[in-house]
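Have a look at the structure below, then the notes.
The values are calculated or read from the model by the stated rules, or taken from the named source; none is laboratory data. All values derive from a computational prediction rather than experimental measurement. Quick reminder, even Gly has a Cβ in these numbers, built from the backbone with ideal geometry, and neighbours come from all protein chains shown.
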Amino acid sequence: MQWMTIYKKECLESARNYKWVWVPLVFILFCIMDPLTTYYLPQILESTGGLPEGATFDMPTPPPANVFMMSISQMNTLGVLVIALITMGTIAGERKSGVAELILVKPVSYTNYVTAKWAAHISLVLLSIFVGLLASWYYVQLLFGDISFIYVLITTAFYGVYIIFVLSISLFMNTWTKVPGFVLFLTISILMILNIISSVFSHLLEWSPTKIPSYLPSLLRSGEVETDLWFASLFTIVTIVLLLFGAIQTLKRKEIV
Amino acid sequence: MLLTQNAIQFINENLAIIAPLLIIQVVLMITALVSLIRAEATNGPKWMWVLIILFINTIGPIAYFIFGRSHES
Amino acid sequence: MITLKNITKTFDKENAVKNITFHLSPGKCVALLGPNGAGKTTTLKMIAGLMHPTSGQVELANGGSGDIRKHIGYLPQHPQFHNWMTGKEFLHYVARLSHISKQESQKLAEQLLDRVGIADAKNRKISKYSGGMKQRLGIAQAMIHKPTVLLLDEPVSALDPIGRRDVLNLMEELKQESTLLYSTHILGDAEEASDEILLMHKGAIVESGSLQEVRKRHQVDKITLRFEGNMQAYKGKIEAFPFVTHTDIQKQNIHVYVQNVHEARDVLLEHVNKEQWPLLFFEVGQTTLEDLFMKVVNEHAMDDHL
């Protein structure tokens, strides 16, 4: 009941901010950018005069799965940045402005407060990622060749787990400081550090959440979920639960003002 | 002359591919402008945001949504 | 109703609130009075659960162990809202957060908006509200779940005279429904609305009780005189009388605190007459709450200078 009240309020706020419109649109743009530029690359090169007279193009068309993965890596940079930007103030901003004082002085459960906000942002972000990757699939299908829709769905689902992890880090950081800009900084820093550690100790950290995207290309080609990906996802889900639990506990101990 | 004809021909051939891209960009721009007009206060002058939204493709509207909207409203 | 036991709050090794203990009895209207920086806001926030005491406890007498926030309504000094909501939406939202049913929330929101006098603006965005309207909306949100204790932090000090009057009247009504604890740094506001006062100074409660009690306790007979010319010249001579405890000079008046007012009056008048002091003003009276408050504030101000 109370959870739904907060969830609905968050969704209403996103609607009044036009987030339900602009975030999906922006994600679609991010996702179709690479398939389109790859497809038009010969023409682009030609019009900029990058090639000597008489030279002919002989660029192999990349396989469809590779082009789809370009969209995912675009999500991994620009998409993650947008996610961090739109979530950086969800709790920190309310505490900074002082609204949190009025809300949390009511008998509001901290668990409801944190998880409802989390769920509302997940709804928005997963929808955006889904339509973005759907658009990417459409263009890949149209311009590069056949790619299994079922495989795309499975890949998107596993990628969604990673995105929920990113969002959970941002929410967790939201409870540590009142400054939204600092939340952004912490979220991006943590992700970068995790990325570096996971790639340096690649063989030791097969189950690191940031490794999920690297398992996706083979998943997309074969539709088979590797054991490592199962474990990485499971480990990520556990981490998400811990992050949420940590966020709730931090907020409980913190003074709201 | 030849170049423009080529360009027109190119656009005609590829309209089905490029149209969705253009539509999304225009919708994004219009949404940003509607939001801007209805906002009571923005971070920085409104006319500046109008120019940014209109002339900086894609990034302009995104920048407005993230940084332009005042937290007061 | 609510009892504070040995509450201390420390910020960076400095005690903002020092070992305060008090009991709020049901149906009372209590003013938490003190100069700025006395620790009033910190005390209210600790009762509301927004801050945690460094030591000591806040206890709810009858409610037992449940969530204390159910029984508390709180209005911060500068209430902030979700400015993108309308006044009615916000009240509905906080009512729903307080576990009130949908229909009941709608009804309560309408009623309260009417009661605090902003029914006309109920469908307007809060970002368009004036300061006074926000204060009223703040009171409405604090009352919405019918709390047994209402905590109001400086509810009238930021308002214009009309707004102030309205809010004081509203508080008078609210007294019938819940226990009120409100902070103020203005003595007049404390005297006007409260049954009891808690005088805070540098994080400690220096005086408490009903207004009459406190007044009586601090009543000292006092004779006020004014002469032509420099007061200082008379000060020493007056202090020489055995019945004078001490004197002070404020704005051309010399206040003489005395033990035996009848003797003092006669002797002083006789002396003035004999010495032909150029008397302009002579009054026999008693110290007021204001004198006490000023004493506390002045001590505070002096400490700040040191």
| query | Within the group A:Y138, A:Y110, which residue is under 22 Å from the mean Cα position of the chain (by Cα) and not charged (D, E, K, R)? | reply | A:Y138
| Within the set of pairs 6 or more residues apart or between chains, which connect a residue that is within 14 Å of chain B (Cβ to nearest Cβ) inside the stretch C:115-142 to a residue that is basic (K, R) with Cβ atoms less than 9 Å apart? | C:I126/C:K134; C:Y129/C:R136
| Which one of these does B:E13 not meet: (1) of a type in the set (D, E); (2) more than 14 Å from chain C (Cβ to nearest Cβ); (3) not in a helix (DSSP H, G or I)? | (3)
| task | Select from the stretch A:1-53 the residues that are away from chain C (no Cβ under 14 Å) and not in a helix (DSSP H, G or I) and write down the one among them that is nearest to B:A63 (Cα to Cα). | result | A:T48
| request: May I ask you to say which residue of C:G37, C:G56 is surrounded by fewer than 20 Cβ atoms within 10 Å (Cβ to Cβ) and within 15 Å of the chain's Cα centre (by Cα)? | output: C:G37
| said: Tally up the residues in the stretch C:41-65 that are at the interface with chain A (Cβ under 9 Å from one of its Cβ atoms) and assigned to a loop (DSSP other than H, G, I, E, B), please. | reply: 4
| C:G73 versus (1) more than 22 Å from the chain's Cα centre (by Cα); (2) closer than 30 Å to C:Y129 by Cα: which is the lone unmet condition? | (1)
| task | Starting from the stretch A:127-153, keep only residues that are in contact (Cβ under 8 Å) with a residue 60 or more places away in the chain and within 14 Å of chain B (Cβ to nearest Cβ), then list their pairs with residues that are part of a helix (DSSP H, G or I) and polar (S, T, N, Q) whose Cβ atoms are within a distance under 7 Å, requiring at least 6 positions of separation or different chains. | result | A:S136/A:S71
| query | Mind checking which pairs have a first residue in the stretch B:17-41 that is closer than 18 Å to B:G68 by Cβ and more than 10 Å from chain A (Cβ to nearest Cβ) and a second that is surrounded by fewer than 16 Cβ atoms within 10 Å (Cβ to Cβ) and modelled with pLDDT under 95, Cβ under 6 Å, 6 or more apart or different chains? | reply | B:A41/B:S70; B:A41/B:E72
| remark: Among A:S97, A:S47, A:S73, the single one that is surrounded by fewer than 16 Cβ atoms within 10 Å (Cβ to Cβ) and either under 17 Å from the mean Cα position of the chain (by Cα) or closer than 23 Å to C:Y74 by Cβ (or both) is A:S73
| Conditions: (1) more than 30 Å from C:Q135 (Cβ to Cβ); (2) within 14 Å of chain C (Cβ to nearest Cβ). A:Y110 meets all but one. Number of the miss? | (1)
| note | Residue set C:K122, C:K128, C:K146, C:K202; condition among the basic types (K, R) and either buried (at least 23 other Cβ atoms within 10 Å of the Cβ) or under 30 Å from C:A16 (Cα atoms) (or both); output residue C:K202
| task | Determine whether the stretch C:259-278 contains at least one residue that is assigned to a strand (DSSP E or B) and either touching a residue at least 12 places away in the same chain (Cβ under 8 Å) or closer than 30 Å to C:G39 by Cβ (or both). | result | no
| request: Scan the stretch C:191-208 for residues that are part of a strand (DSSP E or B) and among the small types (G, A, S) and jot them down. | output: C:A204, C:S208
| field | Set A:M4, A:M59: member being among the hydrophobic types (A, V, I, L, M, F, W, C), surrounded by fewer than 17 Cβ atoms within 10 Å (Cβ to Cβ) and under 30 Å from C:T148 (Cβ atoms) | value | A:M4
| query | Among (1) more than 14 Å from chain C (Cβ to nearest Cβ); (2) crowded, with 22+ Cβ neighbours inside 10 Å, which single condition is A:L102 missing? | reply | (1)
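Table: residues versus (1) within 16 Å of C:C29 (Cα to Cα); (2) among the charged types (D, E, K, R).
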| site | (1), (2) |
| --- | --- |
| C:E196 | yes, yes |
| C:L199 | yes, no |
| C:V220 | no, no |
| C:F227 | no, no |
| C:F243 | no, no |
| query | What single numbered condition from (1) farther than 19 Å from C:I197 by Cα; (2) part of a loop (DSSP other than H, G, I, E, B); (3) in contact with a strand residue (DSSP E or B) (Cβ under 9 Å, 6 or more places away or on another chain) fails to hold for C:A38? | reply | (1)
| field | Residue among C:Q106, C:Q111 that is farther than 21 Å from A:E94 by Cβ, within 14 Å of chain A (Cβ to nearest Cβ), in a helix (DSSP H, G or I) and at pLDDT 90 or above | value | C:Q106
| said: Name the single residue that is nearest to the other protein chains (Cβ to nearest Cβ) among those in the stretch C:83-96 being in contact with a Ser or Thr (Cβ under 6 Å, 6 or more places away or on another chain) and within 17 Å of A:M4 (Cα to Cα). | reply: C:R96
| task | Identify the single condition in (1) modelled with pLDDT under 95; (2) closer than 29 Å to C:H52 by Cβ; (3) part of a helix (DSSP H, G or I) that A:M75 does not satisfy, given that it satisfies every other one. | result | (2)
| query | Limited to the stretch C:175-186, what total is found for residues that are surrounded by fewer than 21 Cβ atoms within 10 Å (Cβ to Cβ) and of a type in the set (A, V, I, L, M)? | reply | 1
